[in-house]
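**Q** Got a structure here, written out as structure tokens. Questions coming.
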Amino acid sequence: MGEFRFMDLLYSRYASPMDLVNLYLDQGRFGEFVTNIIELENERNKAEEEKQNEQKLWSAYIHSMTDKNFIDWKNGLVEQPAKQKKVHTRDEDMTEDDIQNIMDKLFP
């Protein structure tokens, strides 16, 4: 994390970040402070990414017009790659049956 990004992060979270930094410096715990700030930011970013992925899945679920509930539909997505027998590296390698099988899985 760059110096400027770290300072931006501090100023966005704390009204007086320099007082906080000085407090940790005086206590000899500045490294702990920096580590905690970075870990919290990484956790926040991970949670935000998971939320966005869940929203994308929900949108795909709504458009799939399936009879399954969301949890079953989502779990079915995880199981599908294990069931596939053949992996295609290019669209040109796919036959009409392959395309139809994919469509049947996405839109039962």
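The values are calculated or read from the model by the stated rules, or taken from the named source; none is laboratory data. Since we're looking at a predicted model, the values are computed, not measured. Cβ: placed from backbone, ideal geometry, glycine included. Neighbour counts: every protein chain shown.
**Q** With the requirement that a residue be at pLDDT below 85 and of a type in the set (Gly, Ala, Ser), what does the range 1-45 give you?
**A** Listed by number, the residues that qualify are Gly2, Ser12, Ala15, Ser16.
**Q** List the residue pairs whose Cβ atoms are under 9 Å apart, where the first residue sits in the range 38-60 and is under 20 Å from Ile71 (Cβ atoms), the second is among the aromatic types (Phe, Trp, Tyr), and the two are 6 or more positions apart or on different chains.
**A** Leu57/Phe70; Leu57/Trp73; Trp58/Phe70; Ala60/Trp73
**Q** Taking helices (runs of 4 or more DSSP H) that do not extend beyond the range 1-78, which have at least 3 residues that are under 20 Å from the mean Cα position of the chain (by Cα)?
**A** Because the criterion is at least 3 residues that are under 20 Å from the mean Cα position of the chain (by Cα), the helices (runs of 4 or more DSSP H) in the range 1-78 that meet it are 30-64.
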